[in-house]
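Colleague: Pasting a structure here, questions to come.
The values are calculated or read from the model by the stated rules, or taken from the named source; none is laboratory data. What you see is a predicted model, and the numbers here were worked out from it, not measured in a lab. Ideal geometry is used to build each Cβ from the backbone, glycine not excepted, and the neighbour counts take in all protein chains shown. Heads up: the accessible areas ignore ligands, DNA and RNA and are worked out on the full protein's heavy atoms, side chains in. Shrake-Rupley method; radii C 1.70, N 1.55, O 1.52, S 1.80 Å.
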Amino acid sequence: MSNSMRFSKLIRYNIETCSIGELESFFSKEILSHTRPTTELNTFEGLFRSRIIKEEDIEKIKSVKQIWYRDQSVIKLEEQKFGRCNDKGQNFFYSSNTVEATIKELRPTNREYLLIGEFKCRTNSIPPKCHFAGIEILRKSDMWKHLLGNYAYENQFDREIEKFISSCFHRPIDKGREFEYKYTIAFTNILLKNQETSGLVYPSVASSLKLINYGFKPQYVDDNLYCSNVWIYRYLSDGKNISLKPLKYAEIEEGQGESKNSKLEFHDTPNIGKKILKYNW
């Protein structure tokens, strides 16, 4: 059965009103027995997260928790949102191996302030085992061509399933239609259902699939990651050229238990050795 025929049954679902559980059950049945590559991130050099902050809130940022994944349990029900990999109310750690990708995902406006954190694996932590979504794009990247460049699908069925999964992960979602993320949320739940699998590697739609995102189960992050650096930058744009002007960096006082409880103490960034980050978009 071809990929298009296999998933033509999706027409029975109203994506706006159907549950993610319904889609998850449907996809689990349709992709049963397919295989796909996984990897352990043994060379974990660092991942980045960014968020937009207001100038008046800078002095209120006192903890790593404010650059950690956002705890959905403390967000009002009406303010909870779908993400590409998370249901409303579901915690998920979004990150990238480049600052640029995180900024593209945020889409800040000129002169806004950005809080940026770098995350690394703790010594003797368990390397995360990850799935891929978007193999054909990732196999061309410098980061993953050593692993995926010569990857061969076991059969045509596996190739077609990956083509469909990738098409969902590569689809831009317009504001107001976030319910269309239900496809990728259902796939994420399936791919990360195995207890041994901790994360997902997929191309960044905001970067036109040129950069890479990394998503992790929150429990893996709490148990194995720590925040090594935190900065505050000013985002400057003339509509084409982008620059991030460093304003402050934080000393991190390791907290008791989880790294997200670590305290931050910001200092003005010395001009010496602190370069403005520049991008041409």
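Colleague: Helix-derived [θ] at 222 nm for the chain: sum -39500 (n - 2.57) over DSSP H runs of at least 4, divide by residue count, nearest 500? Walk me through the intermediate numbers first.
Modeller: Details: 8 runs with 62 residues, N = 281.
Value at 222 nm, helices only, nearest 500: -6000 deg cm²/dmol.
Colleague: Would you calculate the separation in nanometres between label points at Glu55 and Lys245, each defined as 7 Å from the Cα along the Cα-to-beta-carbon direction?
Modeller: Simple spin-label model gives 1.1 nm for this pair.
Colleague: Around Ser262, what is the net charge, scoring Lys/Arg as +1 and Asp/Glu as -1 over all other residues with Cβ under 9 Å from its Cβ?
Modeller: Values: positive: Lys65, Lys260, Lys263; negative: Glu253, Glu254, Glu258.
Summing Lys/Arg as +1 and Asp/Glu as -1 gives 0.
Colleague: Taking Cα atoms, how many degrees apart are the long axis of helix 156-169 and the longest axis of the chain, rounded to 10 and kept between 0 and 90?
Modeller: Rounded to the nearest ten degrees, it is 40.
Colleague: Got a sec? Charge dipole of the range 1-119, +1 on Cβ for Lys and Arg, -1 for Asp and Glu; which of Gly83, Ile53, Leu106 is way out at the positive end?
Modeller: It is Gly83.
Colleague: In whole percent, how big is the carbon plus sulfur part of the accessible area of the range 11-84, probe 1.4 Å, protein atoms only? Let's see the in-between values first.
Modeller: Details: 2260 of 4730 Å².
Looking at the range 11-84 in its full context, I get 48 percent from C and S.
Colleague: Hey, another quick one. Taking the Cβ of Asp238 as the center, what net charge do the other residues with Cβ under 15 Å away carry, scoring Lys and Arg +1 and Asp and Glu -1? The partial results should precede the final answer.
Modeller: On the way: positive: Arg111, Arg234, Lys240, Lys245, Lys278; negative: Glu112.
Around Asp238, the surrounding residues sum to +4.
Colleague: Given Lys140/Lys182; Lys120/Lys182; Lys120/Lys240; Lys65/Lys88; Lys240/Lys260; Lys65/Lys245, which pairs have Cα atoms separated by over 25 Å? Please report the intermediate quantities before stating the final value.
Modeller: On the way: Lys140/Lys182 27 Å; Lys120/Lys182 30 Å; Lys120/Lys240 32 Å; Lys65/Lys88 20 Å; Lys240/Lys260 35 Å; Lys65/Lys245 23 Å.
Going by Cα-Cα distance, Lys140/Lys182; Lys120/Lys182; Lys120/Lys240; Lys240/Lys260 fall outside the 25 Å limit.
Colleague: Provide the FRET efficiency to the nearest 0.05 for the Tyr279-Glu258 pair, computing r from the beta carbons and using R0 = 30 Å.
Modeller: That pair, Tyr279 with Glu258, gives E of 0.35.
Colleague: Continuing with this model, one more query. By how many degrees, between 0 and 90 and to the nearest 10, does the Cα long axis of helix 20-30 differ from the longest principal axis of the chain?
Modeller: Helix 20-30 sits at roughly 50 degrees to that axis.
Colleague: Kindly provide the GluC sites (Glu not before Pro) of the range 12-83 that DSSP labels as loop, not H, G, I, E or B, and whose Cβ sees at most 11 other Cβ atoms within 10 Å. Write down the numbers at each step before the final one.
Modeller: Working: sites: Glu16, Glu22, Glu24, Glu30, Glu40, Glu45, Glu55, Glu56, Glu59, Glu78, Glu79; in loops: Glu16, Glu45.
Here the sparse-neighbourhood loop sites are Glu16, Glu45.
Colleague: Any idea what angle helix 182-191 forms with the longest principal axis of the chain, computed on alpha-carbon atoms, 0 to 90 degrees, nearest 10?
Modeller: 90
Colleague: Over the chain, what relative contact order in percent results from Cα pairs under 8 Å that are six or more residues apart? Intermediate results must be reported in sequence, preceding the final value.
Modeller: Values: 495 pairs, mean separation 69.5, N = 281.
Relative contact order for the chain comes out at 25 percent.
Colleague: Considering only protein heavy atoms, what per residue accessible area in square angstrom results for the chain with a 1.4 angstrom probe?
Modeller: Working: 15330 Å² over 281 residues.
Accessible area per residue, the chain: 55 Å².
Colleague: Which of Leu211, Tyr226, Ser259 sits closest to the plus end of the dipole of the range 209-268, meaning its Cα is farthest towards the positive end, when Lys and Arg get +1 and Asp and Glu get -1 on the C-beta?
Modeller: Leu211
Colleague: On to the next question. Could you give the length gained on full extension between Glu40 and Lys175, defined as 0.36 nm per residue of separation minus the Cα-Cα distance, in nm? If you can, show how the numbers build up before the last one.
Modeller: Details: separation 135, 0.36 × 135 = 48.60 nm, distance 3.43 nm.
Between Glu40 and Lys175, full extension yields an extra 45.2 nm.
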